[in-house]
Every structure is written in C-alpha cells, then in structure tokens.
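A.B. asks: Sharing a structure below in structure tokens format, with a few things to ask.
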Amino acid sequence: MSKWKIRIGFGLLALSGALNVAVAAWPEQPIRMIVSFPPGSGTDSNARFAAREMSERLGVPVMVENKPGGNSFIAVEAVVKAKPDGYTLLLASNSPVATNVAMFKELPYDPVKQLAPLAKLSFGAMGVAVPADSPYSSIEDLVKAGKANPQKLNYGSGSASYRIATELFLSM
C-alpha cells in the first residue's frame, strides 16, 4: 500500500473521532411545541399528552405553547420563523397542510417547503347527529328531506376541515 493511502486512512480515522465530538446529542435544551388551537381543545389535549411523553423519554421539558386563530396561520408563522434548530415543533390538525391549501388561493407559507411531517399522532372521525326526537332516523332520511326542502335544513361544523367535508357531502 502506498504512503499517501496510509496517510489518507489515518487522516480519515482521526477526523471521524473529531466528528463524533462535534455532533452534540439532541436534545440539549427545552423543546417548544406550538399548537394551532386554544387550551382545552382536542388538539391541545393531544399536544399535552405528547409533550408529557416526550419530556419523559427525552429528558428535557417539552413546553406546549398555544397560538390559535387564523386557520392555523398564527401557529405556522411562529414555527416557520423560528430558528431551524429542531427545538420548535408544530402540532396542528390538517388545516396548515391540506385544508388551507384547498381554501385559500395564496398562503403566507409554503407547506411543502417550510413544514416537514414527523409523525401522525391521532385521527378523528366525522359523524352526523340529529336530536333523538327528530323525524330523521337515517342518513337517507336526512338526504331526502334536504333535497325536498333545500333551504330548511342547516348544520354546524367545528372547523374548516369539517366544513369542507360537509360541503362535499352536500354536493353529492
């Protein structure tokens, strides 16, 4: 083996030890978990459970910070403007990456370029409910009544995602 190959080999060997020292263990400081809904919401409850588990497993505090409003724009803005050091996370519904894309022509952020998905923590089901004394006992009854009297039925939804799903259902 030539001398230059031996020198390169020893150089790389020495460098590999230096690289191990240069790369710090993560996490070294508290983690901020920004939540796009107010305290007490389902998303907030999920965040607080996840933060507690993460704190126990990682050995550092994970602090939940609620930034509700604006279809999650406020929370997303806080995350995309944070120092990109891995210590600021977003916990949100599908609004920032799916619903807002469908509802707005322009977003103040690029969900593909500025957000990276890490984990799916939960999912929720949607349902249709009527009062127990309602004349409707099935979804078919409700659809028939809606078609016969299009302006007489109304509904409520808890978020933009549910609104889009309901509008899609109504268009069928």
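Only the coordinates and a few stated rules stand behind these numbers; no lab work does. The model shown is predicted, which means the values in this text are computed figures rather than measured ones. With ideal geometry, Cβ positions are generated from the backbone for all residues, glycine too; neighbour counts draw on all protein chains shown.
A.B. asks: Quick check: convex hull over the Cα atoms of the chain, volume per residue in Å³, rounded to an integer?
C.D. replies: Taking only Cα atoms, the chain has a hull volume of 218 Å³ per residue.
A.B. asks: Right, something else. Which of these, Ala75, Ala145, Ala51, has the largest mean-square fluctuation under a Gaussian network model of the chain (Cα springs below 10 Å)?
C.D. replies: Taking springs between Cα atoms under 10 Å, the residue moving most is Ala145.
A.B. asks: Which of Ala25, Ala125, Ala78 ends up with the largest GNM mean-square fluctuation for the chain, with Cα atoms connected below 10 Å?
C.D. replies: Maximum fluctuation in the GNM of the chain, among the listed residues, is at Ala125.
A.B. asks: Further, regarding this structure: If you place +1 on the Cβ of every Lys and Arg and -1 on the Cβ of every Asp and Glu, how big does the dipole about the Cα centre of the chain come out, in debye to the nearest 20?
C.D. replies: About 740 debye.
A.B. asks: Most exposed first by the Cβ proxy, i.e. fewest other Cβ within 10 Å, how do Asp141, Asp44, Asp85 rank?
C.D. replies: Ranked by crowding around the Cβ, least crowded first: Asp85, Asp141, Asp44.
A.B. asks: Could you state the orientation-averaged shadow area of the convex hull built on the Cα atoms of segment 76-167, in nm² to one decimal?
C.D. replies: Hull-based average projected area comes out at 8.5 nm².
A.B. asks: Between helix 42-58 and the chain, what is the angle of the helix's C-alpha long axis to the longest principal axis, kept within 0 to 90° and rounded to the nearest 10?
C.D. replies: Value to nearest ten degrees: 20.
A.B. asks: Against the 2.2 N^0.38 Å scaling, with N counting residues, where does segment 126-172 land? I'd like the Cα-based Rg ratio to two decimal places.
C.D. replies: With N residues counted in segment 126-172, Rg over 2.2 N^0.38 Å equals 1.15.
A.B. asks: Would you grab the residues whose amide H sits under 5 Å from the one on Val35? Only those 5+ places off in sequence or on another chain, please, with H modelled 1.01 Å from N.
C.D. replies: Glu65, Asn66, Lys67, Leu91
A.B. asks: Per residue, how much space in cubic angstrom lies within the convex hull of the C-alpha atoms of segment 31-114?
C.D. replies: Given the Cα convex hull of segment 31-114, per-residue volume reads 88 Å³.
A.B. asks: How much length is gained on full extension from Glu28 to Asp133, taking 0.36 nm per residue of separation minus their Cα-Cα distance?
C.D. replies: 32.0 nm
A.B. asks: With springs connecting C-alpha atoms under 10 Å apart, model the chain as a Gaussian network and identify which of Leu142, Leu121, Leu107 has the largest mean-square fluctuation.
C.D. replies: Leu142
A.B. asks: Still on this structure, I have one more. For the peptides 32-40, 157-165, what is the packing order when you average, over each peptide's residues, the other Cβ atoms within 10 Å and list the highest mean first?
C.D. replies: Descending mean neighbour count gives 32-40, 157-165.
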